[in-house]
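Here, each number is a calculation from the coordinates, and none is a lab measurement. Just so you know, these numbers come straight off a predicted model, no measurement behind them. No Cβ is skipped: glycine too gets one built from the backbone with ideal geometry, and neighbour counts run over all protein chains shown.
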Amino acid sequence: MNAKEFTGELLGTFILVLFGCGSVAVTVLFGEYTGIFQIGMAWGIGVMLAIYLTRHLSCAHLNPAVSIGMAVSKRMAARKLPAYLTAQLLGAFLAGWAIFFLFAPSIEAYESAHGILRGSAESVATAKMFGEYYVQPGGMAVVSMPLAIAAETFGTFLLVLLIFALTEGCNVGRPSDAMAPVFIGLTVASIICLIAPLTQAGLNPARDFGPRLVAWIMGWGSAAFPDSSGGFFWVYILAPVVGGILAALFFLYVFEPLMKQKSIPCDCDK
């Protein structure tokens with residue numbers, strides 16, 4: 001992998017996380033977004049813009065689960081994985097810092113107004129601007145760790161499967177290359193609207209770990225990694241990777257062969 005590809009993945013992931021986590025931050029701090037659809041669309045637009053910005057530099061994966069899925073399906077050389085994953089994590093980490101410095105005074109004011117001590121269990125209310133949580137103080141959803149793992153696996157499976165379908169040449173129903181980023185962004189927004197009430201819809205290990213690490217450094221401490229049974233790793237790191245691998249294998253061995261079969265007229269009367 002060359003500097004061009006590394007820069008593309010770093011910059012694209014930075015933009016994705018900046019706009020996406022930024023939408024969560026302005027919702028938590030200022031109540032600017034009133035529903036999950038608006039936040040989902042902000043994430044989707046961030047994904048779309050990040051792909052348009054960087055796809056001439058790299059493959060614009062912007063997500064370790066996508067990169068690993070591409071390597072499993074042999075659409076990307078496995079030797080490129082370490083550099084792709086490093087660039088994605090670094091881009092997300094830098095975006096986490098950008099969000100913190102933009103909103104640091106407002107975060108302090110919010111904590112003061114609501115009597116929140118940073119690092120306490122209650123500070124998850126602000127820490128969720130950075131990393132995701134499947135158990136939140138005052139949350140309405142009832143989510144066990146197995147359900148959270150299943151939700152993140154399923155959501156990432158859908159994401160990677162649709163990325164393959166929207167970009168694979170043998171799919172005659174795919175959009176044009178110029179429009180594919182729009183549909184990938186809409187895919188992200190739709191999955192967030194489905195999964196986010198349960199897990200905040202991570203779907204991307206770099207997107208979760210990079211900003212979460214910023215929160216840990218800047219005083220949230222154990223509140224940034226609150227699950228003593230390892231939920232952070234199982235739900236937001238491993239589950240998306242498994243979902244991406246399963247989607248790649250399903251597309252490679254089931255969906256793609258079906259699409260490549262010779263088309264015949266549909267005759268439902270016979």
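Laid out as a table, the results:
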| quantity | calculated |
| --- | --- |
| In nm, spacing of pseudo-spin labels at residue 37 and residue 142 (7 Å Cα→C-beta vector) | 2.8 |
| Helix-only [θ]222 nm of the chain, DSSP H runs n ≥ 4, -39500 (n - 2.57) each, per residue, nearest 500 | -20500 deg cm²/dmol |
| The chain: C-alpha pair distances exceeding 22 Å, % | 55 |
| The chain, relative contact order in percent, only Cα pairs under 8 angstrom and at least six apart counted | 28 |
| Cα-centre dipole for segment 3-258 with unit charges at Cβ (Lys and Arg positive, Asp and Glu negative), debye to 20 | 540 |
| Net charge, residue 59 excluded, C-beta distance under 10 Å - Lys, Arg +1, Asp, Glu -1 | +1 |
| DSSP H segments from the chain that extend 30 Å or more along their own axis, Cα-based, with Kyte-Doolittle mean of -1.0 or above | 3-30, 81-114, 145-167 |
| Separation between Cα centres of segment 75-151 and segment 169-205, rounded to whole Å | 20 |
| Environment charge of residue 122, counting only residues whose C-beta is closer than 12 Å and scoring Lys/Arg +1, Asp/Glu -1 | +1 |
